[in-house]
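Colleague: Here you go, one structure.
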Amino acid sequence: VQLQASGGGVVQAGGSLRLSCTASQIIYSRYVMAWYRQAPGKQRTLVVSISSIGRTTYEDSVKGRFAASRDNAKKTVYLQMDNLKPEDTAVYYCQARMLGESTLYWGQGTQVTVSS
């Protein structure tokens, strides 16, 4: 399984970014996808998970600001991030897990920097 994330960058507080993560070598519709982030000196934490049918679960601090979606035909998951805050600064990783299995696959990460 290969995951390629993109879309990170530098933005001012209040701005927006859209991350994408495209998968290869999998039957995409059978995978639960997720976005995680890791700030400097901190542990990697879950931002949002999105089920094979698009059901989402968000971490509290991003509710109402971030929106995840997936396009199974394109094998791509998106993370639309609006009203960004400096505390959103982190490396963002996408993750894939096949339904019913425990093996996790990770993308390479994309840096998001929000300046105040």
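Colleague: For residue 89, list long-range residues whose amide hydrogen, built 1.01 Å from N in the peptide plane, is under 5 Å from its own amide hydrogen.
Modeller: The list, which skips near neighbours in sequence, is 114.
Colleague: Would you kindly state how much longer the chain becomes between residue 63 and residue 16 on full extension, computed as 0.36 nm times their sequence separation minus their alpha carbon distance, in nm to one decimal?
Modeller: Details: separation 47, 0.36 × 47 = 16.92 nm, distance 1.46 nm.
Additional length available on full extension: 15.5 nm.
Colleague: Could the peptides 65-75, 94-104, 26-36, 51-61 be put in order, highest first, of the mean number of other beta-carbon atoms found within 10 Å of their residues? Mind dumping the intermediate values first?
Modeller: On the way: 65-75: 16.2, 94-104: 14.3, 26-36: 19.5, 51-61: 12.5.
Final packing ranking: 26-36, 65-75, 94-104, 51-61.
Colleague: For segment 29-89, what does the alpha-carbon gyration tensor say about shape, rounded, prolate or oblate, given a ≥ b ≥ c as the root eigenvalues, a/c under 1.5 as rounded, and a/b over b/c as prolate?
Modeller: Details: a/c = 2.21, a/b = 1.72, b/c = 1.29.
Here segment 29-89 falls in the prolate category.
Colleague: Right, another one. Let me check I've understood the local charge: for residue 20, count other residues with C-beta under 14 angstrom from its C-beta, Lys and Arg +1, Asp and Glu -1. What total comes out? Working shown, then result.
Modeller: Working: positive: 18, 70, 74, 75; negative: 71.
Around residue 20, the charge tally is +3.
Colleague: Enumerate the calculated ³J(HN,Hα) couplings along segment 91-105 in order (Karplus 6.51 cos²θ - 1.76 cosθ + 1.60, θ = phi - 60°), each rounded to whole Hz, writing x wherever the residue is Gly or Pro.
Modeller: Running phi through 6.51 cos²θ - 1.76 cosθ + 1.60 with θ = phi - 60° gives 8, 9, 10, 9, 9, 10, 9, 6, 3, x, 10, 9, 5, 10, 10 Hz.
Colleague: Just grab the label-to-label distance for residue 102 and residue 42, each label 7 Å out from Cα along the Cβ direction, in nm (one decimal).
Modeller: Label-label distance for residue 102 and residue 42, simple model: 2.8 nm.
Colleague: If you don't mind, there's one more thing I want to ask. With only Lys, Arg, Asp and Glu charged, each at its Cβ (+1 for the first two, -1 for the last two), find how big the charge dipole of the chain is about the Cα centre; round to the nearest 20 debye. Provide the component values of the computation, followed by the final result.
Modeller: Working: 13 positive and 7 negative charges, 37 e Å.
For this selection, approximately 180 debye.
Values quoted throughout were computed directly from the atomic coordinates according to the rules given, and no laboratory measurement underlies them. These numbers were taken from a predicted model, which means no experiment stands behind them. Every residue, glycine as well, gets a Cβ built from its backbone with ideal geometry; the counts of neighbours run over all protein chains shown.
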